[in-house]
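What follows is a short report on a single structure.
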Amino acid sequence: MAKTETPQPVRGMQSLLGAEADRMAAVVAAFDRVRRLFGFKRVEVPVLEPTAVFARSLGETTDVVSKEMYSFDDKGGDSVTMRPEFTAGIARAYLSEGWQQYAPLKVATHGPAFRYERPQKGRFRQFHQLDAEIIGAAEPQADVEAIAFAAQLLGELGLAERSTLRLNTLGDPETRQKWRDALHAHFSKHQKELSEDSRSRLDRNPLRILDSKAHQDWPIADSAPGIDEFLTSEAGAFFEAVTKGLDSAGIAWVREPRLVRGLDYYRHTAFEFVTQELGAQSQLLGGGRYDGLVEALGGPHTPAIGWAAGIERLAMMIEEPEVEQIEAVLVPLGDAAEQLAGRLLSDLRGAGIAADMAYRGNMKKRLQRANASGARFAVILGDDEVASGLAQLKNLESGEQRAIAFDSVAEALRS
């Protein structure tokens, strides 16, 4: 009979156990603590959305839409897509679920997202993101609030000194259009020297050439006109208010004039936290103001700002969290002892004490398993203990052992 081949994971998908899973859980736990401190409501949105939600929000011509999305027709013939990011789905929900009544709305979430791209360090086809958004707030203080949330999260994770906040402005629509025209004129003069990707972006999206990964484009991008030449007085005042707010909050930042967002609905603030510790994949967290997104989805003009961070990348950076420990392992021998241990195990867990049972092998092997689990105590039950109503509580660190009444085990473990 032919041997059945063991199924393998889909490329770019990973299964985690132990320390790696614990690191990701630690990132999420820190995110949830800071979310509550900043008054962001927890929100959930579907993994599946109509494909049009992402095509409209990310742009039909972007690599994400044209090459990386997991899109398919469902059994009803509708085109649906597994979310490649959170913002578009939250903006869709803001419109379709009637969340406008809560504006300005501060929301945060986390979970899996999907992109068909080349797996590499810290990047997977199923990956996990943290996401925070403020929708319906046009004030610069909302930008400061969003960035402060991100900065405090990185501080909680021990990454404040190992990351740098880069900041730029994309201006208002008038600023952006003038800058776009100037960039198009500049890059057109050097069209033959540009990389193939940048030449394809020239007419469609010249701003994206500024963050090109092709080395041959860098000198041309460095000599391109900066946005400050085109800032309207209103856009300049907005950016100044954001920077003053960050200074007041004690959040260090550096200006990065080449930091851009290619899509037209992005306005004003663009930011990212980067590190030197992950090689080419330097971004830990990135975001910006997207005042035109809700409008692009068919809603009214709605100012908004938000950010996202890859949980896997953050997890790679943090210290290994403390191993979750079992407090006590029950070691029963005999049918009566096992019945009693089952009831005692339930009582201990109900009292908030992490407990497990060693139910295989002889007494020696069961105690070995209790020791290997990292538990502090073993609760030994045999026929004599069942008859006397007294369990043997053994300290697995010191070896000290004493008899204790069944109904006092939980209290003894707590003390």
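Bear in mind these aren't lab numbers, they're just calculated from the coordinates by the rules spelled out. The structure presented is a predicted model; accordingly, all values stated were derived computationally and were not measured. Here the Cβ is made from the backbone with ideal geometry for all residues, glycine too, and neighbour counts use every protein chain on show.
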For this session: Just report the Cα centroid separation between the range 126-154 and the range 339-371, whole Å.
Result: 45 Å
Seminar exercise, completed: Unit-weight point scatterers at every alpha-carbon of the range 1-156, Debye formula, q = 0.09, 0.17, 0.18 1/Å: log10 I(q)/I(0) is -0.37, -1.17, -1.26
Problem set entry | Whole-angstrom gap from the range 1-48 to the range 235-275, using each part's C-alpha centre | 30 Å
Exercise. Near the amide H of G111, under 5 Å away, which other amide H atoms are found, from residues 5 or more places off or on another chain, if H is placed in the peptide plane?
Worked result: Q129
Problem set entry | Rounded to whole Hz, the Karplus (6.51, -1.76, 1.60) HN-Hα couplings of the range 392-409, x for glycine and proline | 9, 9, 10, 7, 6, 8, 8, x, 5, 9, 8, 7, 8, 5, 3, 6, 10, 5
Exercise. So for D264, D347, D335, fewest C-beta neighbours within 10 Å to most, what's the order?
Worked result: D335, D347, D264
Exercise. With a 10 Å Cβ neighbour count serving as the proxy for reagent exposure, in which order, fewest first, do H268, H190, H184, H110 appear?
Worked result: H184, H190, H110, H268
For this session: Report, for the chain, the % of DSSP beta bridges that are antiparallel, rounded to 5.
Result: 80 percent
For this session: Using the structure shown, select from K41/K67; K364/K394; K106/K244 the pairs with a Cα to Cα distance greater than 24 angstrom.
Result: K41/K67
Problem set entry | Fraction of beta bridges assigned by DSSP in the range 328-414 that are antiparallel (%, nearest 5) | 55 percent
For this session: Can you give me the three principal axis dimensions of the chain from its C-alpha atoms, in Å, biggest first?
Result: 92, 65, 43
Problem set entry | Share of Cα-Cα pairs in the range 328-414 lying beyond 17 Å, as whole percent | 39 percent
Seminar exercise, completed: Given Cβ charges of +1 for Lys and Arg and -1 for Asp and Glu, the option among I380, M363, L348 whose Cα lies farthest towards the positive end of the dipole of the range 328-414 is M363
